[in-house]
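Shown next, in structure tokens, is the structure this report addresses.
Nothing in this text is a laboratory measurement; each read-out follows from the coordinates by a stated rule. These numbers come from a predicted model, not from an experiment. A quick note on method: Cβ atoms are made from the backbone with ideal geometry, for glycine too, and the neighbour counts reach across all protein chains shown.
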4 protein chains.
Amino acid sequence: MAEALKGLELARAAASKMGVVLSCAVVDARGDLVALARMDNARFFTADVARGKAQVSAMFGQPSGNLAQFGTSPAFANLNLTAQGRLYPVQGAVPLMRGTQLFGGVGCSGGSGQQDEDAAKAAAAGF
Amino acid sequence: MAEALKGLELARAAASKMGVVLSCAVVDARGDLVALARMDNARFFTADVARGKAQVSAMFGQPSGNLAQFGTSPAFANLNLTAQGRLYPVQGAVPLMRGTQLFGGVGCSGGSGQQDEDAAKAAAAGF
Amino acid sequence: MAEALKGLELARAAASKMGVVLSCAVVDARGDLVALARMDNARFFTADVARGKAQVSAMFGQPSGNLAQFGTSPAFANLNLTAQGRLYPVQGAVPLMRGTQLFGGVGCSGGSGQQDEDAAKAAAAGF
Amino acid sequence: MAEALKGLELARAAASKMGVVLSCAVVDARGDLVALARMDNARFFTADVARGKAQVSAMFGQPSGNLAQFGTSPAFANLNLTAQGRLYPVQGAVPLMRGTQLFGGVGCSGGSGQQDEDAAKAAAAGF
């Protein structure tokens, strides 16, 4: 948890530098929420979207943006049904890896997909 | 957000003093997530339960434990259907008030209902 | 997985000794399925019930039969909504513990609650 | 059940030869789960996906990969709604036939679609 909160701090620093307000979320390898923070004035739904992107990255061990195509398939729709529609196969999250070992994901929402991903990468670098 | 993260820190300090590991969440007046942290070894579902208690407190301006009775009513079941089952009318959260003005809720999960509420109160005191 | 399959074998031996046909399931600490086997002539729905009992034991670190009371609460109904109705707070499963460390659950369905639990305990003893 | 467990063993042998970790599932003619095993390090959701592919093969008497096109139709979406989103019309499962008599399906998940199907075929050969 301490690492996750530290990661969120780094994401916020990156967001501030880009001049955007974001929600960012850290999840574990199973996709369950570890920590989340929504910056002042970020829209209400960005918190859930940040989490959903992080979850997708943790499930597939890839940046959530890579799953945009797969995200339109019936198979993904099913996974999302099981997850109560929480998954967001959209750019803005990266997996957390220790060597080849996947241990979670971090995702942001509120800026452009690229800005979200840049902030997520800044967070991931802190682990 | 800064206040929310500070509140979560106070909740964790209270949890550590009680010897329990908790998830705690802060939501705004609309019940949307502002910040959340799950302490190491707290069970995975405590994050969503903490959020759901905080949401109930923010919706009704009362400790979530006060809603236990109402939580069994068909009316509450309907609210919860709209909220995809996220609301937890269970002890462990308190509303955030500035004078008579409700501005959010904070909730914890992982200990007994009383321990959860004590940690939530510690967080609320920091706002 | 090898341990889980071995545990299921022990559960079947116990079931045969009791003269019942059961489905038994092993889940990990998060409640996700690791292994499952349905004995010949066990009813089709026993597979999902066995899994749902095991999941409850893994979530709460207790025999699923202990959760019968809590299983009637709105809070449990919510957890079950999130889990697509898969949770069965009914006798017949036990948690898997290594000292005080919870690492999963094993549950059976098809006999009486007591027979199901006895077979689950036989499985648990093999880990 | 004994045959199903034997089939899963053959699927694992095939998976090991291919250097992948898979979940594999056997279902009966009705699509209900008979046996399932998730290999160590296979991702948590592969268990449900393996089952869902096997279910599709058992329902239509065809490799699940043949249903990819039909899987995008409203009719299939309805079937899946009835099945709570459990069906996966995706390569990786084959039907179990005795002559022209359909008696179940076996599916795998965790590798590429082709690897999943190869392991499923190895399992089917054991019946």
May I ask you to list the residues in the stretch A:39-61 that are closer than 12 Å to A:G105 by Cβ and in contact with a strand residue (DSSP E or B) (Cβ under 6 Å, 6 or more places away or on another chain)? A:A50, A:R51, A:K53, A:A54, A:Q55, A:S57, A:A58, A:G61
Would you mention how many residues in the stretch B:7-28 are assigned to a loop (DSSP other than H, G, I, E, B) and either within 14 Å of the chain's Cα centre (by Cα) or among the aliphatic types (A, V, I, L, M) (or both)? 3
Given the criteria under 25 Å from A:G85 (Cα atoms), among the β-branched types (V, I, T) and within 14 Å of chain C (Cβ to nearest Cβ), does B:T72 qualify? no
Only residues that are farther than 17 Å from A:T46 by Cα and crowded, with 18+ Cβ neighbours inside 10 Å: list them for the stretch A:15-28, please. A:D28
Search the stretch D:13-33 for residues being free of Cβ contacts under 8 Å to residues at least 40 places away in the same chain and either within 11 Å of another protein chain (Cβ to nearest Cβ) or of a type in the set (V, I, T) (or both), and hand back the single one that is farthest from D:L79 (Cα to Cα). D:L33
Filtering the stretch C:39-48 for residues that are of a type in the set (D, E, K, R) and more than 7 Å from chain D (Cβ to nearest Cβ) leaves a count of 2
Only one residue in A:L67, A:L81, A:L36 is within 10 Å of another protein chain (Cβ to nearest Cβ) and out of contact with any strand residue (DSSP E or B) (no Cβ under 6 Å at 6 or more places or on another chain). Which one? A:L81
Exactly one of these conditions fails for B:P89: (1) farther than 20 Å from B:A29 by Cβ; (2) under 12 Å from the mean Cα position of the chain (by Cα); (3) at the interface with another protein chain (Cβ under 8 Å from one of its Cβ atoms). Give me its number. (1)
Would you be able to say whether some residue in the stretch A:45-59 is closer than 27 Å to D:A77 by Cα and more than 11 Å from the chain's Cα centre (by Cα)? yes
Determine which single condition D:A4 fails, assuming it passes every other condition in (1) within 20 Å of A:A75 (Cβ to Cβ); (2) at the interface with chain C (Cβ under 10 Å from one of its Cβ atoms); (3) not charged (D, E, K, R); (4) not in a loop (DSSP other than H, G, I, E, B). (1)
